[in-house]
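**Q** Let me give you the structure first, and then I'll get to my questions.
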Amino acid sequence: YKTEEIPVTGLKASGVKAINLKNDTVVSGHLYSNDMEYLTVITKKNTGKRIKLNEFELTIKKSKFIGLLYKIDNEKDIKKILHDVKSMHPKAKHFPYAYILGSTAGKTDDKEPHNSAGMQIYNILNYNNLNSHLLIIVRYFGGTKLGASNLLRTYLEVAKNTVKKITN
């Protein structure tokens, strides 16, 4: 089957998609998608895993944070990406983000406490000179309020590690 049929999983996810091969066939390798968005790993044990390269995940007190970094060309890209991310994560509660696009920049806390998310995300983009980039952090609420200071530190950590993962 096609590599697109392999479910996308996080780096820490267990379980893989099985591949039926003949007994004397050995497959081991990796494949980048054309847009460099995914890494597909196929093992000697006839299993495969597809990993999204532009994201970083962190769980704090049962709240899951997923950082996503995108290259953007215009403001229409921002709207489309936000729509797509919200569609992929319908149970998430917050989608704070920041972007830098030429001389234009924007940020939002998306219903998190004031300046606990958007400003942290923007500062990481700015510090790393990531013009023409959008950084979104998806938050699944885990049932425990983290407080503004913990949120600030967590959003900062996720933003830093997302950028670090992608740019290193």
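The values are calculated or read from the model by the stated rules, or taken from the named source; none is laboratory data. Every value quoted in this text rests on a predicted model; they were computed, and no experiment measured them. Reconstructed Cβ throughout: ideal geometry from the backbone, glycine too, with neighbour counts over all protein chains shown. In case anyone asks, the SASA skips ligands and DNA or RNA and just uses the protein heavy atoms, side chains included. Shrake-Rupley method; radii C 1.70, N 1.55, O 1.52, S 1.80 Å.
**Q** Compute the normalised compactness of segment 53-168: alpha-carbon radius of gyration over 2.2 N^0.38 Å, N being the residue count.
**A** Against the compact-globule rule of thumb, the ratio is 0.96.
**Q** Moving to a separate point now. Under the 0.36 nm per residue contour assumption, what length would be gained going from the current alpha-carbon distance of Tyr140 and Asp73 to full extension?
**A** Working: separation 67, 0.36 × 67 = 24.12 nm, distance 2.82 nm.
Value of the extension gain: 21.3 nm.
**Q** Which value in nm describes the separation of the simple spin-label points at Lys86 and Ala148, placed 7 Å from the Cα toward the beta carbon?
**A** 2.6 nm
**Q** Per residue, how many Å² of accessible area does segment 65-167 show with a 1.4 Å probe? Don't skip to the end; give the middle numbers.
**A** Numbers: 5370 Å² over 103 residues.
Ligands and nucleic acids excluded, the figure is 52 Å² per residue.
**Q** Between His133 and residues 5 or more places away or on another chain, which pairs have amide H atoms under 5 Å apart, with H built 1.01 Å from N, and which residues are they?
**A** Ile72, Ile100
**Q** What order do His133, His83, His114 take when sorted by accessible area (1.4 Å probe), most exposed first? Could the numbers behind the result be given before it?
**A** Working: His133 30, His83 120, His114 155 Å².
Accessible-area ranking of His133, His83, His114, largest first: His114, His83, His133.
**Q** On to the next question. Counting only residues 5 or more places away or on other chains, whose amide H sits under 5 Å from the amide H of Leu146 once H atoms are built in the peptide plane?
**A** none
**Q** Subtract the Cα-Cα distance of Lys93 and Leu58 from 0.36 nm times their separation in residues, and report this length gain in nm to one decimal.
**A** Stretched out fully, the Lys93 to Leu58 stretch lengthens by 11.1 nm.
**Q** A follow-up question, please. For segment 58-168, what's the relative contact order in percent, using C-alpha pairs closer than 8 Å and at least 6 residues apart?
**A** 37 percent
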